[in-house]
1. Being of a type in the set (D, E, K, R), farther than 30 Å from Phe5 by Cα and loosely packed, with under 13 Cβ neighbours inside 10 Å is the requirement here; does Arg96 meet it?
2. Right, Val52: β-branched (Val, Ile, Thr), at pLDDT 90 or above and part of a helix (DSSP H, G or I) or not?
3. Starting from segment 23-41, take each residue that is on the phi > 0 side of the Ramachandran plot and list its partners that are surrounded by 10 or more Cβ atoms within 10 Å (Cβ to Cβ), counting only C-beta distances under 9 angstrom and pairs at least six apart or across chains.
4. Out of the residues in segment 75-89 that are more than 17 Å from Thr62 (Cα to Cα) and within 17 Å of the chain's Cα centre (by Cα), state the one that is surrounded by the most Cβ atoms within 10 Å (Cβ to Cβ).
5. Identify the residue in segment 90-130 that is touching a helix residue (DSSP H, G or I) at 6+ places or on another chain (Cβ under 7 Å) and not β-branched (Val, Ile, Thr) and, among all such residues, is nearest to Asn61 (Cα to Cα).
6. Do we find a residue being in a loop (DSSP other than H, G, I, E, B), under 30 Å from Val95 (Cβ atoms) and at pLDDT below 90 anywhere in segment 30-41?
Amino acid sequence: MKYVFIAQHKKTWPIELMCRLLGVKRNGYYGYWKRKCNTPVDPAHQTMLEAVKEIAVASDNTYGSRRMKAALNILAYPISRNKARKLMKEADVRVRCRKKYKVTTDSNHKLPLFDNVLNRQFEVDQPDQA
């Protein structure tokens, strides 16, 4: 994270000063920069990310890493569950759990029912009449 900050602000402040302030070594920053520049963009990785996003939209974001792995394996992407988890994190796909329906009314009880005193006449002349 510190290296990213240095890379974003290297035109504003000197790299050596930012490295000293953030507590990182300058050669560590340059090693990060070299590794970042030398990594080619993997087209297969990009297609897997797109597939993860499509599966998430189709499933209404209910698939976790297990079902995502199974769906990607069906689409001819042989990956493990951890790889599916990493792809979901990179694609910013999160599982939304649905709330289960809970019955709140119990009509089959043996408690006494009270009479309807108000009878939907909520306006009374004096207090404590109903």
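The values are calculated or read from the model by the stated rules, or taken from the named source; none is laboratory data. Only a predicted model underlies this, so the values are computations on that prediction, with no experimental measurement involved. FYI the Cβ positions are ideal-geometry reconstructions off the backbone, even for glycines, and counts take in every protein chain you see.
1. Values: of a type in the set (D, E, K, R): yes; farther than 30 Å from Phe5 by Cα: yes; loosely packed, with under 13 Cβ neighbours inside 10 Å: yes.
Criteria met by Arg96.
2. Yes, satisfied.
3. Note: pairs meeting the criteria are Gly23/Lys2.
4. Within segment 75-89, the subset more than 17 Å from Thr62 (Cα to Cα) is 75-80, 82-83.
Add one more test, that the residue is within 17 Å of the chain's Cα centre (by Cα), and what stays is 82-83.
Details: Asn82: 10, Lys83: 16.
Checking each candidate, the answer is Lys83.
5. The initial filter retains those residues of segment 90-130 that are touching a helix residue (DSSP H, G or I) at 6+ places or on another chain (Cβ under 7 Å), namely 90-91, 93.
Narrowing further to those that are not β-branched (Val, Ile, Thr): 90-91.
Details: Glu90: 15, Ala91: 12 Å.
Across segment 90-130, the extreme among qualifying residues is Ala91.
6. Yes, there is a match, as at least one residue in segment 30-41 is in a loop (DSSP other than H, G, I, E, B), under 30 Å from Val95 (Cβ atoms) and at pLDDT below 90.
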